[in-house]
Amino acid sequence: MASNRHNRIDADAVLDAARDSILAVGVRRTTLTDVARRAGVSRMSIYRRWPDVRTLFRELMTREWLAVATETMAGADGTRPVRDQLIDGIVVGVRGFREHPLFLKIVDVDPELLLPYMLNRLGASQEGLLKFIEAILRNGHADGSVRVEHAPRQARTVLLVAQSFTFSLRTVTDEDDPELTARAFYQELHDFLDRALAP
């Protein structure tokens, strides 16, 4: 039994080590050997669960992005309509993604790694976000604050809008023009979602 306990690794510690390595050198230059060293575990222990850096990277993204989403909705207390809480959460979440150190590093150093999730398929983190958003939308249907439509389609639409702001906002902002600052666009995102989801 002691041997089995010794062979177990702390997945969060490995993911933390992967995040530190990616923040230091980017995804392409991160190696499982470096992650193992940072996590204080053997390389073979990591290989048993993550056969390559891409697999580890995908799991790290899922953990980090879902954490941002759940943290932004942590303040939902039931005292306001669900639509208001969802929209505020989406806007805060977009800002949180755009300011997240890991996201910034990937965009600046390894942006091509994000393309499959923008163009070809949904990743695990996107699937998780869709379930999260859909559940909230159904609550909004129930309290009458969200227009009743096909919830999975609504959730996908909200995700598409949020992703476009997350990935592309810096291409259209002009911080020297008060009408085109990131803050102005966050308000526009809020108002757009409010109109789209209102009954």
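The values are calculated or read from the model by the stated rules, or taken from the named source; none is laboratory data. Small disclaimer: the values here were computed from a predicted structure and weren't measured. Glycine gets a Cβ as well: all are built from the backbone with ideal geometry, and neighbour counts include every protein chain shown.
Brief remarks follow.
- Screening the range 26-63 for residues that are touching a residue at least 60 places away in the same chain (Cβ under 8 Å) and not charged (D, E, K, R) and picking the one that is surrounded by the fewest Cβ atoms within 10 Å (Cβ to Cβ) gives 26.
- Residues being under 16 Å from the mean Cα position of the chain (by Cα) and either within 16 Å of residue 163 (Cα to Cα) or of a type outside the set (Phe, Trp, Tyr) (or both) - total across the range 53-86: 19
- Selected residue (criterion: nearest to residue 68 (Cα to Cα)) from residues of the range 133-182 that are basic (Lys, Arg) and at pLDDT 95 or above: 156
- The one condition in (1) over 17 Å from the mean Cα position of the chain (by Cα); (2) free of Cβ contacts under 8 Å to residues at least 12 places away in the same chain that residue 154 fails to fulfil: (2)
- Just one of the listed residues (107, 91, 148) is aliphatic (A, V, I, L, M), more than 17 Å from the chain's Cα centre (by Cα) and assigned by TED's automatic domain parsing to the domain that holds residue 65, and it is 148.
- Failed criterion for residue 69 (all others in (1) buried (at least 18 other Cβ atoms within 10 Å of the Cβ); (2) within 19 Å of residue 20 (Cβ to Cβ) hold): (2)
- When residues in the range 166-199 are screened for being of a type in the set (Phe, Trp, Tyr) and either in contact with a Ser or Thr (Cβ under 8 Å, 6 or more places away or on another chain) or more than 28 Å from residue 142 (Cα to Cα) (or both), 2 of them pass.
- Among the residues making up the range 126-138, a single one is surrounded by 19 or more Cβ atoms within 10 Å (Cβ to Cβ) and over 17 Å from the mean Cα position of the chain (by Cα): 137.
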